[in-house]
Amino acid sequence: MAEVRLVDIEKKYGSFLAVPQQSLTIEDGEFLVLLGPSGCGKTTTMRMIAGLEDITAGDIQIAGERVNDKPPKDRDIAMVFQNYGLYPHMTVRQNIEYPLKLRKVNKAERARRVQDTADKVELGTLLDRRPSELSGGQRQRVALARAIVRTPKIFLMDEPLSNLDAKLRVTMRAELKHLHHELGVTTVYVTHDQMEAMTLADRVAVMREGRIVQLDTPKRIYSDPADLFVAGFIGSPSMNLIDGAVQDGRFIAEGMDLPVSLPDRDEVVFGIRPEDLELADGDTPIKGRLYALELTGESTLVTMRAGKTSVCARGHADFEAPINAPCHLAPKTGARFYLFDRATGQRLDG
Amino acid sequence: MNERTLSYALLVPAFVIVIATTIYPLAYSFVTSFREWDLTKQLRPSGFVGLQNYAHAATESGFQNSLWVTAIFVVTSVILTVVLAMSLALLLRRTGRLHTFTRIILILPFAMSPALIGVSYRFMFNPEFGVLAKGLGAVFPALEGTPWLANPDLAMAILVITDVWHWAPYMTFMCLGGLASVPRETEEAARIDGASNLRIVFGIILPQMKGVLLVTAVLKTIFALKMFDQVVTLTGGGPGTSTETMAFFIFNVGFEWFDMGYASALAWILTIITMVISAWYVRMLLSERKMATA
Amino acid sequence: MNKYIAYWGERALLVLISVVVLFPIGWMFLTAFKKPRDAYSLSLNFEPTVQNFVTVFSDPWNLGSMVLNSVIVAGATVAIAVPCASLAAYSFSRFRVRGRKFLFFLILSTQFIPAVVILLPFFLMFRSLGLLDTRVALIIVNLAIVTPFVIWMIKGFIDAIPTDSEEAAMIDGASRLRVIKDIVLPMAAPGILTSSIFCFILTWNEFMFALILSRRDAVTLPVGLVSFRTERGDLWELMSAAGVMITVPIFIMALLIQKHFTRGMTAGAVK
Ligand SMILES: Nc1ncnc2c1ncn2[C@@H]1O[C@H](COP(=O)(O)OP(=O)(O)OP(=O)(O)O)[C@@H](O)[C@H]1O
Ligand SMILES: [Mg+2]
């Protein structure tokens, strides 16, 4: 158990700056999720914490100790690799057992823990196979088991559930949550799945081009995005972002006209989440024609268009209307909306 | 031990070997090449004679002859080997039982001792009872009784044949490896576009094989420049001096005449020739790489 | 019709190639089992005999001691070269150490050096050390030929192994040396075995060094062949028998690594 501190760390691959001057403190026992588009430096950040990648500037501290020059094996970390990194010449059992063997855990104890862990990730029956005889999802579970078979100071998990089917993913998610609750090990977790991020994280760090653009609780990341990028990245379906201008205290765009508290300016982006909109009748602030209907199961996604403006709302599952029919949308009462500067992406309200 | 120290430590044993068995002897022979040292007259080398040994090489006919012999040998054997290897690879890359069988037995000539290859070709080309000499005589009566290895040109030709027989299979494997990395799709796309087989080979496959073919040619050239074993067991350098390659000639200077100074100088000349040719190839290879990645 | 010609043409070519490859070898094997009289005829109708093998293994030829020399020289060369080369290959493949490119090039460039260049000084050194006609001398010179080559080859194999598993092992708590032992060696084993056999073949067939550095006690098989050239002429049937002894073990090894062969060749070559 340990606090992890990244102080002004920087990573260059040759002349390519993958992570520029980044600081981040992960509290003792915290579950931190790294979120961001592909190639933004999540894996690189993890590898630096693990010691697999030299940092080109800055400091890394684990439990108050500077570890820049410590080899991975002495950092007491367990990691699930994005591409598994299994030992192809060992059986599943030997793979999971290996970290314990290195720590000279006795044989009986080893066998017990391997079996326990394998059962947790539902691999109990596959222990004598080799990685090449497993499916992608099974391999990923071996990688997960190998990491959680011991209790390290820090867990690093790089998309550990990405290859599992939806059902197993939910089970494993709960398993990980429980494990974290039980052991309280500091965990850094990368995922593309927002549901995973929301349910697991104590805090979420949203990254973009190597930088952390917002570090906050899942709730606040969702309800109070720092800028246009975070707003667009978090949420599924993603937030409606509408280009327009503010005139006389009203946001104006094609098919849209609604009051906001902002001085007049051009180049404004108005953001509102689909679940904050509802279908209404009569003179609503958002008007257009129905463009598409997508049934997701518990609700229907209604896409409306007016000129260049395209707005998506979450409607009732049994909503039905012909395409091109007139469509009226209104913010629900108490709905949140956001205003951004189009050029810089900065929040203009709140 | 930290990573840096370890990374160098791992290199130590190999470098000890390379330095002791290659770098040191090289330096030794380099120094010797500037000395007079006739082993039949003196046990220890006498004084330095400057470039005298090298100057001698410029005028001595035996060496000039060996240069010429080596040049002919290298050019013919490299061209034949590379062309043959590439053709074999194109033929053998398909799957099929006969293809697989041929691929498997192709490793045998490479595994065979070159000295033994020389011996067995010598046996087969013996004009009185050699199976190839007799066989060719039976098929082409004009060839009956040809003294194969006693004719300078034919002896050279047979020497080249033994070498091609030895190396072409190995080089075929290299080309096969290269072919495996040529993406199937480009070839299939061309086929769908209606390109003929010949066009596909020359227009699509060979351009992508340039790098591999160059490497093959470098290796073959280096091996050909060292040609020695078959010269001893097949022709003995003869008839006359018509198949005395440089390696063979240097060997004779050193171990028949025991003129160590001169032999060392000649060996260094051969080394420099090899280096120059290799450097030239490497430059071609690098520019080829650059073009491929651009 | 065209397709028909292409199909059979291709097969005919393959058969022709196989014949060209196998004929010289086959003829040698046949001759090895012929009586001296039959060896000089082209007849395939002969009474096979193993007499030639008996002869070559007895006085004055004593092929047995040459076999022993060859086995010891080639075996020891492999046993020394391959472990050293594997470590170096790993270092070249995985560490970004300073001067790495230069050092690797230095190693490779020794391959360009003609063997005669180092033969002369070795002859002189071994003469003054009293090591002429010993197996030790042959092992030392063979190391010169084989080591750079094996480094190059094994590096090719290691380069082809992804680094993920090694990194996982380091995270799991293994030291570099432990990683090499537990992860790299088992994964590179086929490549290392292939390289070892390769190295064995090269040493086993080596001729020039052995010709000069051995006289009586350390004579290896390829040099032994030359001794069947006597005043009475070449004794082909005995040479063939000796040839069979040289080739059979090597052929078996070569066929064993056949599958990995192409990969090993190109792994190193194309990089
Ligand atoms: N070894 C390397 N050499 C050069 N550039 C690299 C290397 N590894 C990563 N990069 C670059 O660094 C950037 C960050 O890569 P990283 O793997 O951390 O992304 P990621 O956020 O994990 O993406 P993904 O979600 O796709 O896994 C990318 O632009 C990538 O191209
Ligand atoms: Mg990643």
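The values are calculated or read from the model by the stated rules, or taken from the named source; none is laboratory data. This structure is a prediction, so every number in the text was calculated from the model and none was measured. Positions of Cβ are backbone-derived with ideal geometry, glycine not excepted, and every protein chain shown enters the neighbour counts. These area figures cover heavy atoms from the full protein model, side chains too; ligands, DNA and RNA do not enter into them. Shrake-Rupley method; radii C 1.70, N 1.55, O 1.52, S 1.80 Å.
Overview of values
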item	result
Subset of the range C:39-64 (residues that are more than 10 Å from chain B (Cβ to nearest Cβ) and touching a residue at least 24 places away in the same chain (Cβ under 8 Å))	C:N52, C:F53, C:T55, C:V56, C:W61, C:L63
Near pairs, Cβ below 6 angstrom, 6+ apart or cross-chain, from the range A:80-95 (without any contact (Cβ under 8 Å) to a residue 12 or more places away in the chain) to any residue that is open to solvent by 10 Å² or more (accessible area, probe 1.4 Å)	A:N83/C:D164
Tally of residues being more than 9 Å from chain C (Cβ to nearest Cβ) and at pLDDT below 85 across the range B:94-129	2
Of all residues in the range A:186-210 being more than 16 Å from ligand 2 (Cβ to nearest atom) and either in contact (Cβ under 8 Å) with a residue 60 or more places away in the chain or over 21 Å from A:P237 (Cα atoms) (or both), the one that is most open to solvent (accessible area, probe 1.4 Å)	A:D202
Qualifying position, being away from chain C (no Cβ under 14 Å), more than 12 Å from ligand 1 (Cβ to nearest atom), under 23 Å from A:V204 (Cβ atoms) and surrounded by 14 or more Cβ atoms within 10 Å (Cβ to Cβ), among A:V33, A:V19	A:V33
Test: residue in the range A:58-72 that is in contact (Cβ under 8 Å) with a residue 60 or more places away in the chain and either within 16 Å of ligand 2 (Cβ to nearest atom) or under 30 Å from A:E133 (Cα atoms) (or both)	no
Residue within the range A:42-56 that is over 30 Å from C:L185 (Cα atoms) and either among the small types (G, A, S) or within 16 Å of ligand 2 (Cβ to nearest atom) (or both) present	yes
Qualifying positions in the range A:127-162 - away from ligand 1 (no atom under 16 Å from the Cβ) and among the acidic types (D, E)	A:D128, A:E133
Test: residue in the range C:16-24 that is more than 11 Å from C:L238 (Cα to Cα), aromatic (F, W, Y) and without any contact (Cβ under 8 Å) to a residue 60 or more places away in the chain	yes
Sole residue being surrounded by fewer than 24 Cβ atoms within 10 Å (Cβ to Cβ), away from chain B (no Cβ under 13 Å) and not β-branched (V, I, T), chosen from C:A168, C:A188	C:A188
Any hit, the range A:240-253, residues being out of contact with any Leu (no Cβ under 9 Å at 6 or more places or on another chain), at pLDDT 90 or above and open to solvent by less than 10 Å² (accessible area, probe 1.4 Å)	yes
Positions within the range A:287-307 being among the hydroxyl-bearing types (S, T, Y) and more than 25 Å from the chain's Cα centre (by Cα), in sequence order	A:Y291, A:T303
Selection status of C:D59, of a type in the set (D, E) and under 17 Å from C:P222 (Cα atoms)	no
Lone unmet requirement of (1) touching a Cys at 6+ places or on another chain (Cβ under 8 Å); (2) more than 8 Å from chain C (Cβ to nearest Cβ); (3) open to solvent by 10 Å² or more (accessible area, probe 1.4 Å) for B:L88	(2)
Hits in the range C:30-54 - residues which are open to solvent by less than 40 Å² (accessible area, probe 1.4 Å) and in contact with a helix residue (DSSP H, G or I) (Cβ under 6 Å, 6 or more places away or on another chain)	C:T31, C:A32, C:K34, C:A39, C:F46, C:N52, C:F53
Residue under evaluation C:I107, criteria (1) open to solvent by 10 Å² or more (accessible area, probe 1.4 Å); (2) modelled with pLDDT under 90, criterion not met	(1)
Any chance A:R66 is away from ligand 1 (no atom under 11 Å from the Cβ), modelled with pLDDT of 90 or more, more than 30 Å from A:T199 (Cα to Cα) and not β-branched (V, I, T)	yes
Qualifying positions in the range A:36-79 - among the β-branched types (V, I, T) and either within 25 Å of the chain's Cα centre (by Cα) or open to solvent by less than 40 Å² (accessible area, probe 1.4 Å) (or both)	A:T43, A:T44, A:T45, A:I49, A:I55, A:I60, A:I62, A:V67, A:I77
Hits in the range C:82-138 - residues which are more than 10 Å from chain B (Cβ to nearest Cβ) and either among the hydroxyl-bearing types (S, T, Y) or within 25 Å of B:L43 (Cα to Cα) (or both)	C:S93, C:F126, C:L129, C:G130, C:L131, C:L132, C:D133, C:T134, C:R135, C:V136, C:A137, C:L138
Residue identified as under 20 Å from the mean Cα position of the chain (by Cα), free of Cβ contacts under 8 Å to residues at least 40 places away in the same chain and open to solvent by 10 Å² or more (accessible area, probe 1.4 Å) among B:I104, B:I72, B:I79	B:I79
Residue in the range C:118-132 that is open to solvent by 20 Å² or more (accessible area, probe 1.4 Å) and touching a Ser or Thr at 6+ places or on another chain (Cβ under 6 Å) present	no
Residue list for the range C:154-167, restricted to those being out of contact with any helix residue (DSSP H, G or I) (no Cβ under 8 Å at 6 or more places or on another chain) and assigned to a helix (DSSP H, G or I)	C:D164
Extreme residue, surrounded by the most Cβ atoms within 10 Å (Cβ to Cβ), among residues of the range A:211-230 that are more than 16 Å from ligand 2 (Cβ to nearest atom) and among the aliphatic types (A, V, I, L, M)	A:I221
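For (1) within 12 Å of ligand 1 (Cβ to nearest atom); (2) within 14 Å of another protein chain (Cβ to nearest Cβ), each residue gets a yes or a no:
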{"site": "A:L6", "(1), (2)": "no, no"}
{"site": "A:E10", "(1), (2)": "no, no"}
{"site": "A:T44", "(1), (2)": "yes, yes"}
{"site": "A:E53", "(1), (2)": "yes, yes"}
{"site": "A:I62", "(1), (2)": "no, yes"}
{"site": "A:P71", "(1), (2)": "no, yes"}
{"site": "A:N83", "(1), (2)": "yes, yes"}
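Condition check ((1) in contact with a Leu (Cβ under 8 Å, 6 or more places away or on another chain); (2) more than 30 Å from C:I80 (Cβ to Cβ); (3) assigned to a loop (DSSP other than H, G, I, E, B)) across all residues:
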site	(1), (2), (3)
B:I23	no, no, no
B:L26	no, no, no
B:F30	no, no, no
B:P45	no, yes, yes
B:G50	no, yes, yes
B:A58	no, yes, no
B:V75	no, yes, no
